[in-house]
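Undergrad: Below you'll find the structure I mean.
The values are calculated or read from the model by the stated rules, or taken from the named source; none is laboratory data. As the structure is a prediction and not an experimental result, all values here were calculated from the model. Every residue, glycine among them, receives a Cβ derived from its backbone with ideal geometry; neighbour counts consider all protein chains shown. To get the accessible areas, we keep the full protein, side chains included, count just its heavy atoms, and leave off ligands, DNA and RNA. Shrake-Rupley method; radii C 1.70, N 1.55, O 1.52, S 1.80 Å.
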Amino acid sequence: MPKIKICGLTRPEDAQAAAELGADAVGLVFYAKSKRCVDAAQAAEIAAALPPQVAKVALFVNESADSIRRILETVPIDIVQFHGDEAPEFCRQFGKPYWKAVRVRSAQDIAEAAGRYADAAALLLDAHIEGQYGGTGQVFDWRLLPETMPLSWILSGGLNLGNVAAAVRQTGAAWLDVSSGVEQAPGIKSRDLMAEFIRQARG
């Protein structure tokens, strides 16, 4: 039964719905170029709508350490997700478990990241689209996944109602990360789509 993270929330009511429907984590995007970007005040409001068992994940892309610390002081974050070109020593300095996103073009990308970020709580495997850091709605070739992974991993990139059941079947992913696949508009989640995604993922 895969765990599910719903990423790119911008409204407390969507966070509440995600929790009620059985999501295990929600993602808050602190990246100015994203259509799903939130500020610390918005993020704190969303976090307050969540029960303690739902993990709050903060997503950063090449952000300064000072900015990250300021967010972590204001918002009760459980996991920090790095989606840019951050080095392992940068990722581990914040005293929180971290997830490192890998934009997958080849099996080599996954192997190298697994070695380089060996102390990550998980690798988040996403599609590689030139010049974009996640949120692309594109799927990568799941056949590139290795037989065994030395650390936990999360399947991301283009998951939706049309492919999530196949994704679980083909990859055996223990975690799924969805954003645009459960939206009615960027950053605005649909309760119906979230419910159906979770049902199919765990069907």
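Undergrad: Looking at the range 146-165, I want the residues that are under 24 Å from GLU196 (Cβ atoms) and have a partner that is assigned to a loop (DSSP other than H, G, I, E, B) and of a type in the set (A, V, I, L, M) with Cβ atoms under 7 Å, at least 6 apart or on another chain. Which pairs are those?
TA: LEU155/ALA173; GLY157/VAL139; GLY158/VAL139; ASN163/VAL139
Undergrad: If I ask for residues that are closer than 24 Å to TYR117 by Cβ and not in a loop (DSSP other than H, G, I, E, B), which ones from the range 35-69 would you list?
TA: The answer is ALA55, LYS56, VAL57, ALA58, LEU59, PHE60, ALA65, ASP66, SER67, ILE68, ARG69.
Undergrad: Identify the residue in the range 151-203 that is surrounded by 20 or more Cβ atoms within 10 Å (Cβ to Cβ) and among the aromatic types (Phe, Trp, Tyr) and, among all such residues, is farthest from ARG116 (Cα to Cα).
TA: PHE197
Undergrad: Consider LYS96 against the criteria (1) over 23 Å from ASP14 (Cα atoms); (2) surrounded by 21 or more Cβ atoms within 10 Å (Cβ to Cβ); (3) at pLDDT 95 or above: it satisfies all of them except one. Which criterion is unmet?
TA: For LYS96, the failing item is (2).
Undergrad: Just checking, which of LYS96, LYS5, LYS33 is closer than 29 Å to GLU196 by Cβ and among the charged types (D, E, K, R)?
TA: LYS5
Undergrad: Separate question: With the structure loaded, tell me whether PRO88 is open to solvent by 40 Å² or more (accessible area, probe 1.4 Å) and either under 22 Å from VAL26 (Cα atoms) or within 19 Å of the chain's Cα centre (by Cα) (or both) or whether it fails that test.
TA: Here the answer is no, as PRO88 does not meet what is asked.
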